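Report on the structure given below.
Each reported figure results from applying straightforward, stated rules to the coordinates on display, with no laboratory input. Since the structure is predicted, the reported quantities are computational estimates derived from the model, not experimental observations. Don't worry about glycine lacking a Cβ; one is built from the backbone with ideal geometry, like all the others, and counts go over all protein chains shown.
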Amino acid sequence: MLWAGWLACVALFVWCWERMTQRTIWAFVWDAPNAAADIASRAFPPRWSYMERLWAPLWDTINIATLGTLLGIAMAVPLAFLAASNTTPSRLVLRPAALFVIVATRSINSLIWALLLVSILGPGILAGILAIALRSIGFIGKLLYEAIEETDIRQVEAVTATGASQGQILTYGIVPQVLPSFYGISVFRWDINIRESAILGLVGAGGIGAQLNSSLNMLAWPQVMLIILVILGTVVVSEWVSAKVRHAII
Amino acid sequence: MSAAYPTIWRKPPQMIQARGLRIALAVGAVVYLVLAIGTIDVNWTRVIAGMERAQRFVAGFLQPDFTTRWRDISNGLMESLTMTFTSTVVGVAISIPIGVGAARNVAPRAVYLVCRSIIAISRALQEIIVAIFFVALFGFGAFAGFLTLTFATIGFIGKLLAEDIEDIDEAQAEAIRATGASWVQLINYAIQPQVMPRLIGLSLYRLDINFRESAVIGIVGAGGIGAALNTSLSRYEYSSAGAILLIIIAIVMMAEYSSGYLRKWVK
């Protein structure tokens, strides 16, 4: 039985491989080491003087990530409270609807959102912010509603026993319990969003990706190299910041 | 005697105790927001013109058109699925030795450093950037996408597997070592049984992620359903784009539920 399973897996793999490589031009593949050496020789040294034209897109990239995260949080928090089974006002209608929104926004990558929004809103930083925000809803919403569902029921009961209203139960019973994980989730998502916003410019949504795209189209490899180094640096810094903040909170 | 207690109760701050720091953070946040929002320049005439497109897009999403471009869609979908499966298999196969090598408790120091740096490189570069390079090197199509996803899988599985191996129950490894087992026997009898369920779970999870990514890397020419989506959007065929997006959402949801179910079953 186990062997049959393995055999099926191998057969599936071979079939998939055949199917996938049907349209591969092998001459290109065998030539790849040469091409790689060629590109590498052209890309070094990176063109450092290009840096002065990168500061503005870099600032845009950080803004896209930050504003997008804030907008995403603003939309995700009410959704999370609607989706959590212990705070939802209606179990039959609103909870499934909120869960659907969370899953649907999570399954579409921010680059696809950007592609759509650029064709609707026109190229620019606004499309990028909205793309990041929409993608963040699902992520923050899912983690936050799980945190809300895991809250300690006894604290909520204690607050309820004092005769608190619904709103007071939320602010004094539930919010203090989920606040640390809320900050942790937000900073974590901000870190991911910095990575994603760096490439949104490829489809026209502003930021440093736009520079990357034009440099790639001009085959200006030293500039491409510099941009990738800048993106890597930004990613490392944002990861460090988010690790520090999360460490301080938790 | 009137009480010296305050009659109004104020909520204590929840995160940051120091008052000065709180105010400084709030002011900093407001200044940043003003500066950041100032950089958004919106071309309102373009946005209004785009609203009509947005309507057409919503209409296309509500009445998806699966038939006209079905050949493109089914080709792209097939490419995406085959790419996802092969890259996950190859990626997991490569990441197992790397993951073992990157675990501090079973690998010598030199091997550990080499494997950790492979993982770090693979995790630091986004899929899209890797895909751009692989497309430039290997030509357009699914093969570049396959390589990209394999590359990304190595970093993901390698890191999580290494952490898992570092977290194992040392007592069992100790017991196997005491019998005079060689290194290979140690891995096979002490480590492998402990990490296997989690490895299967991670592979399934990565399969799910790889499908999502395969929908994206097509935009830069690495084949798959993303290429079909990009084409249909640049042709302004919103009903086909809506159909593709619905297919992606449906497959991702299916993959998520079935991989969650399978992971529970494996545990």
> Taking a ≥ b ≥ c as the square roots of the eigenvalues of the Cα gyration tensor of segment B:143-267, is the shape rounded (a/c under 1.5), prolate (a/b larger than b/c) or oblate?
Replying inline: prolate
>> At a 10 Å Cβ-Cβ cut-off, how would you order A:I25, B:I129, A:I227, fewest neighbours first?
In response: A:I25, B:I129, A:I227
>> Of B:F66, B:A36, B:L147, which is farthest towards the positive pole of the protein assembly as shown's charge dipole, taken about the Cα centre with +1 and -1 on the beta-carbons of Lys, Arg and Asp, Glu respectively?
In response: B:A36
>> Could you tell me the extents of the protein assembly as shown's C-alpha atoms along the three principal axes, largest first, rounded to whole Å?
In response: 94, 74, 52
> Taking each residue of A:194-204 in turn, how many C-beta atoms of other protein chains fall within 10 Å of its C-beta, and what is the average?
Replying inline: 3
> Using the beta-carbon distance between B:R177 and A:L12 and R0 = 45 Å, what value does 1/(1 + (r/R0)^6) give for FRET efficiency, to the nearest 0.05?
Replying inline: 0.75
> Which of rounded, prolate, oblate describes segment B:1-160, given a ≥ b ≥ c as roots of the alpha-carbon gyration tensor eigenvalues and a/c under 1.5 marking rounded, otherwise prolate only if a/b is larger than b/c?
Replying inline: oblate
>> Pick from A:A220, A:A27, A:A11 the residue whose mean-square fluctuation is largest in a GNM of chain A, springs joining Cα atoms under 10 Å.
In response: A:A11
> Applying the Karplus parametrisation 6.51 cos²θ - 1.76 cosθ + 1.60 with θ = phi - 60° to the phi angles of segment B:174-189, what ³J(HN,Hα) value in whole Hz is obtained for each residue in order, glycine and proline being reported as x?
Replying inline: 4, 4, 5, 4, 5, 7, x, 6, 6, 4, 4, 5, 4, 4, 5, 9
> Which far-off residues, 5 or more places away or on another chain, put their amide H under 5 Å from the one on A:R23, with H placed in the peptide plane?
Replying inline: none
>> Give me a comma-separated list of calculated 3J(HN,Hα) values for segment A:197-210, in order, Karplus coefficients 6.51, -1.76, 1.60 applied at θ = phi - 60°, integers in Hz, x for any Gly or Pro.
In response: 5, 5, 9, 4, x, 4, 9, x, 9, x, x, 6, x, 4
> Out of segment B:148-247, which chymotrypsin sites (Phe, Trp or Tyr not before Pro) are coil in DSSP terms and have no more than 15 other C-beta atoms within 10 Å?
Replying inline: B:Y236
> Using the Cα gyration tensor of chain B, with a ≥ b ≥ c the square roots of its eigenvalues, what is the shape: rounded (a/c below 1.5), prolate (a/b larger than b/c) or oblate (neither)?
Replying inline: oblate
> Treating the beta-carbon of each Lys and Arg as +1 and of each Asp and Glu as -1, no other charges, what is the dipole magnitude of chain B about its Cα centre, to the nearest 20 debye?
Replying inline: 660
> Which ³J(HN,Hα) values, rounded to whole Hz and listed in residue order, are derived for segment A:79-89 from phi using the Karplus coefficients 6.51, -1.76 and 1.60 in 6.51 cos²θ - 1.76 cosθ + 1.60 with θ = phi - 60°, glycine and proline given as x?
Replying inline: 4, 5, 5, 5, 8, 6, 5, 8, 10, 5, x
> Is there a simple number for the mean count of other chain Cβ atoms within 10 Å of the Cβ of residues in B:124-134, and what is it?
Replying inline: 5
>> Placing +1 on the Cβ of each Lys and Arg and -1 on the Cβ of each Asp and Glu in the protein assembly as shown, which of A:S110, A:L58, B:I119 has its Cα farthest towards the positive end of the resulting dipole?
In response: A:L58
